[in-house]
Structures are given as C-alpha cells and as structure tokens.
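K.L.:
I have a structure here, written as structure tokens, and I will follow up with some questions on it.
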Amino acid sequence: MIKLINMKKTALVLGALVLGLGSIGLLAGTTSAYQGDPNIKGPNYSIERHEAMTNAFNNKDYTAWKNLMQGKGRVTQVINEDNFGKFAEVHQLALQGKTDEAQKLRQELGLGLRNGTGKTSGRMGMGNCNR
C-alpha cells in the first residue's frame, strides 16, 4: 500500500515537472522567435512603430530608440548613447543578411551572450525591438 502511494506521488511529481518544463520551452520559443530576424514581426509590431524604429536606426538616434524601447529587455541595459552607433550597425548588417558580422559586433557589445559564458544559442537575438 505504501509503495503504491509513493509511486502515485512520484508519477504526479514527474508529470508536473514535465508539464512545467514543456511550458517553459514553448514560452521561450514563442517569445524569442522574432529576435534577430528582421523579417519576423514582434508581438508589439505596428507600422508606425516599425517606421519610428527604422528612423532611429538610420539616423543613429539613441534618444528616439530609447523612448521606443521604454526600458524593455536586456538590450536597454546594455546599449547606451556611446555604443548605439555600433548597435545601429548591427541592425543594418542583420537587414543585409550578414549574420556572422552582426553577431561578432553583438558579442563585442555584450549582447547575445547566455549566462555570461560568451556562448550564444545561434540566434541573432536583436533584443525586444518589436519591429
């Protein structure tokens, strides 16, 4: 009887663990699918926001970009007025399909790094630009 109860508890715990990990995996996959791919629209996409973001990058206008980002995402903690020109270059390279060059600059900026290891997950991870 005790073994049966322990087996049921183990099955419940394992089931909950699998469900939880599966949910996290799905959430991570859906929230980051657009990051780094300028051809995929983010969850906050609008034509007006896209045009404003494009203008900010083209004009290297850090203040406009910062206002559009509203402090969202790690990218807003890393990018500042001094390094925004390089970040705008990363954006241009990504648009041109030059992902290797863009990734190199991203790493120089400290973006796309996972847990401080210096290794990336293979995505460009442009941050939450919400194109």
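K.L.:
Exceeding 20 Å between C-alpha atoms, which entries from my cross-link table qualify? They are LYS41/LYS72; LYS60/LYS86; LYS66/LYS86. Write out the running numbers ahead of the final one.
P.N.:
On the way: LYS41/LYS72 16 Å; LYS60/LYS86 9 Å; LYS66/LYS86 15 Å.
Pairs exceeding 20 Å: none.
K.L.:
Okay, moving on. If you count, for each residue, the other Cβ atoms within 10 Å and average over each peptide, how do 89-99, 39-49 line up from highest to lowest? Don't skip to the end; give the middle numbers.
P.N.:
Numbers: 89-99: 16.7, 39-49: 11.9.
Highest-to-lowest ranking by the protection proxy: 89-99, 39-49.
Each reported figure results from applying straightforward, stated rules to the coordinates on display, with no laboratory input. In this text, all values refer to a predicted model and were calculated from it rather than measured experimentally. When we count neighbours, we look across all protein chains shown, and the Cβ atoms used for this are built from the backbone with ideal geometry, even at glycine.
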